[in-house]
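The values are calculated or read from the model by the stated rules, or taken from the named source; none is laboratory data. Worth saying up front: this structure is predicted, and the values here are computed from it rather than measured. Here the Cβ positions follow ideal geometry from the backbone for every residue, glycine too, while neighbour counts run over all protein chains shown. Calculation scope for accessible area: heavy atoms of the full protein, side chains included, ligands and nucleic acids excluded. Shrake-Rupley method; radii C 1.70, N 1.55, O 1.52, S 1.80 Å.
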Amino acid sequence: MGYSFIKFNDEIIDSKVMMELTDLTRLLFKDKDVSVSVRKYSYFNPSTNTMNVSTFWKHRYDISEIEGFRHDILTRFQSDAVFDYNEFENVKDRNILFQQIFLTLEHYRNRREAISQRPFIEHMIEPGDIILMAEYEKPANNDAEFFLKTLNRAVLEHKDHFKINDYSFNIISRSTKESIDMTDKMLKEVSLDDRLSTYHQIHDMPFNDISVYTHTTPYRKDRAELQSEDDESDIEHDTGRVDTKTDRDADDAGILGETGDNAAKKNRHNIENTYDDDVEDFYEGFGHNLGDNTINDKSAANTHAELIIKKPKIKMVNYDKYRIKYDFYNDLAQQVIGDITKILNFKMNEFQTNRSSGKLMKNPIGPIISGSHKIFTKKVSESKEVDAAFSIILDQSYSMTEHMEDCINGVIIINNILKSLNIPQRIVSHHEDSFEIMGDHYPNYLYEHLDFDKSKYYYPVSLLDIESSGDNRDGFIFRHEIDVLNKRMEKDKFMIIFSDGLPSAEQYNQSGVIDTHEAINEARKNGIRVMNVFIDVENEENTREAIKNIYGQNTIIVEKPEEIAHILPNVIERIIKSLII
């Protein structure tokens with residue numbers, strides 16, 4: 001269970017805002033893996049593939065934080081295409097004033113290219129520019145700070161030249177190397193006290209991170225020479241796969257005002273993800289087994305997450321306990337089963353009348369008198385089975401302790417209904433073991449209480465042995481279940497999720513909401529319908545809103561967990577009726 005606000009360096013950001021910013025950033029960068037974070041200064045970090053927006057826009061009365069954050073993204077989304085990061089090595093060890101002037105010139109190039117690519121953003125960034133202009137007009141503490149602020153005002157005014165005292169400098173740079181040369185020229189001609197503290201800096205860039213980034217093989221200037229003959233052979237054999245811009249991407253580009261050939265530019269990050277969570281081993285009981293359960297979650301939020309699948313052993317004593325619960329709620333289930341069965345029987349025996357061929361009607365007098373030749377009937381033979389599959393996912397994290405029994409009762413009822421109607425189902429629970437977490441190892445346990453192949457013959461008795469513990473890395477688990485459902489042949493597929501709050505796990509609080517939201521969107525794109533049963537006990541309104549943002553309208557808010565068993569039968573009945581009527 002988490003909160004609906006995300007914490008970045010002691011700053012609290014609304015999760016809805018972060019989801020909107022992430023969607024915008026990924027569209028502009030044309031990179032589905034780029035992430036968004038909040039830092040003191042705004043810049044794109046290529047080594048982590050992260051767009052950082054500035055806390056400068058927080059706690060202001062003249063602009064909303066989302067407008068300010070959007071300003072940072074709109075003026076920097078061309079960073080990866082504009083900057084030559086190899087040249088940044090020549091700036092890494094220079095003094096702060098040199099770096100600040102250089103970054104200002106590079107930022108100007110970035111802004112100009114962004115506006116050139118999408119002219120409409122010039123109007124969108126105007127409110128933010130006005131606020132920044134007022135900030136740069138504040139009195140400076142020394143000549144170096146005055147020089148820097150004046151230069152940044154010239155950038156906001158879209159000037160070609162920068163004038164200060166008796167000097168005039170061209171500030172239109174065409175490359176990163178030229179920005180370095182222009183910075184050198186300025187500092188040689190103007191005598192400045194270079195004692196500029198980091199407190200007064202305007203821009204920032206992780207030069208050390210970029211230095212490491214540019215020295216890794218995939219980004220080195222001589223990477224073509226480093227590529228082995230085997231790699232070249234692999235590329236030749238991969239010619240059947242063509243990267244294209246889909247119609248949807250083209251529409252998105254059009255909406256955001258992308259012009260000319262820029263709509264067809266290929267993203268620089270279209271390389272193989274070296275942090276590929278490909279897990280082939282899984283655990284069953286106490287033995288280590290090799291199976292075909294693989295998960296290919298390339299989300300940056302789940303780089304160190306490991307999926308461990310277990311099939312819980314059933315305690316004999318739990319059979320009687322399960323039977324007691326089954327019998328107690330059986331009447332509720334049977335009512336739904338009876339209603340659905342009646343509809344299926346009716347459809348199976350339904351006749352179509354007034355047909356031009358088929359079996360003669362018992363009483364064709366009416367059509368004959370009216371002169372119609374449609375005096376025949378035909379029996380409609382429809383299958384009595386519902387062509388659907390359900391994956392039921394239960395959050396097993398520690399915060400679910402007080403609600404677990406009520407959720408299990410709900411799952412038992414769903415199982416009874418689906419089993420009686422011969423609808424395949426899969427029932428799992430999950431948690432991240434917070435006690436086993438290491439620096440690069442986040443074990444996530446997925447317990448298979450019932451799988452599709454056995455759902456017509458067995459009951460999920462092992463549910464009664466669940467112990468709540470740890471955290472919940474929801475997006476990671478959901479992607480695995482999406483993969484499982486995608487392999488099913490049924491026409492309609494559903495995920496029913498039981499939870500009591502937002503995702504929360506190791507290094508997952510700031511990105512977990514976004515990652516889970518994306519996983520739900522992936523499910524829907526794959527034709528899987530998602531329903532969230534949200535146990536809302538003492539949650540704040542913003543948490544409810546965040547849940548709705550993640551799951552959409554298909555969220556059932558349950559304020560009294562003991563009512564789950566009475567609410568779910570009607571919900572399941574409506575779902576099944578929507579499939580057969």
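Farther than 18 Å from Asp500 by Cβ and part of a strand (DSSP E or B), is that true of His449?
yes
Which pairs turn up if I take residues in region 534-554 that are farther than 12 Å from Ser499 by Cα and look for partners that are open to solvent by 80 Å² or more (accessible area, probe 1.4 Å) and part of a helix (DSSP H, G or I) with beta carbon separation below 7 Å, at least 6 apart in sequence or on another chain?
Glu545/Lys16; Ala546/Lys16; Asn549/Lys16
So is Asp465 closer than 26 Å to Leu421 by Cα, surrounded by fewer than 19 Cβ atoms within 10 Å (Cβ to Cβ), of a type in the set (Asp, Glu) and out of contact with any His (no Cβ under 7 Å at 6 or more places or on another chain) or not?
Spelling it out, it is not the case that Asp465 is closer than 26 Å to Leu421 by Cα, surrounded by fewer than 19 Cβ atoms within 10 Å (Cβ to Cβ), of a type in the set (Asp, Glu) and out of contact with any His (no Cβ under 7 Å at 6 or more places or on another chain).
Do we have Lys40 as under 21 Å from Gln507 (Cα atoms) and either in the same structural domain as Glu145 (by the TED database) or out of contact with any His (no Cβ under 7 Å at 6 or more places or on another chain) (or both) here?
yes
Find the residue count for region 77-132, including only residues that are more than 21 Å from Ser47 (Cβ to Cβ) and among the aromatic types (Phe, Trp, Tyr).
Count: 3.
What residue, among those in region 11-33 that are touching a strand residue (DSSP E or B) at 6+ places or on another chain (Cβ under 6 Å) and aliphatic (A, V, I, L, M), is surrounded by the fewest Cβ atoms within 10 Å (Cβ to Cβ)?
It comes out as Ile12.
Would you tally the residues in region 414-451 being acidic (Asp, Glu) and either open to solvent by less than 10 Å² (accessible area, probe 1.4 Å) or outside the structural domain of Met495 (by the TED database) (or both)?
Adding up the residues that qualify gives 1.
Can you say whether Ser578 is crowded, with 18+ Cβ neighbours inside 10 Å and of a type in the set (Ser, Thr, Tyr), as far as the supplied structure shows?
So Ser578 fails the test.
Of a type in the set (S, T, N, Q), open to solvent by less than 20 Å² (accessible area, probe 1.4 Å) and either out of contact with any Asp or Glu (no Cβ under 7 Å at 6 or more places or on another chain) or modelled with pLDDT under 90 (or both): is that true of Ser79 in this structure?
yes
Hey, can you tell me all the residues within region 121-131 that are without any contact (Cβ under 8 Å) to a residue 60 or more places away in the chain and either open to solvent by less than 30 Å² (accessible area, probe 1.4 Å) or among the small types (Gly, Ala, Ser) (or both)?
Selection gives Ile125, Asp129.
Out of Asp33, Asp72, Asp14, report the one residue that is touching a residue at least 24 places away in the same chain (Cβ under 8 Å) and touching a Lys or Arg at 6+ places or on another chain (Cβ under 7 Å).
It is Asp33.
Got a number for residues in region 534-550 being buried (at least 21 other Cβ atoms within 10 Å of the Cβ) and touching a strand residue (DSSP E or B) at 6+ places or on another chain (Cβ under 7 Å)?
3
Going through region 169-189 one residue at a time, which ones are assigned to a helix (DSSP H, G or I) and basic (Lys, Arg)?
Lys177, Lys185, Lys188
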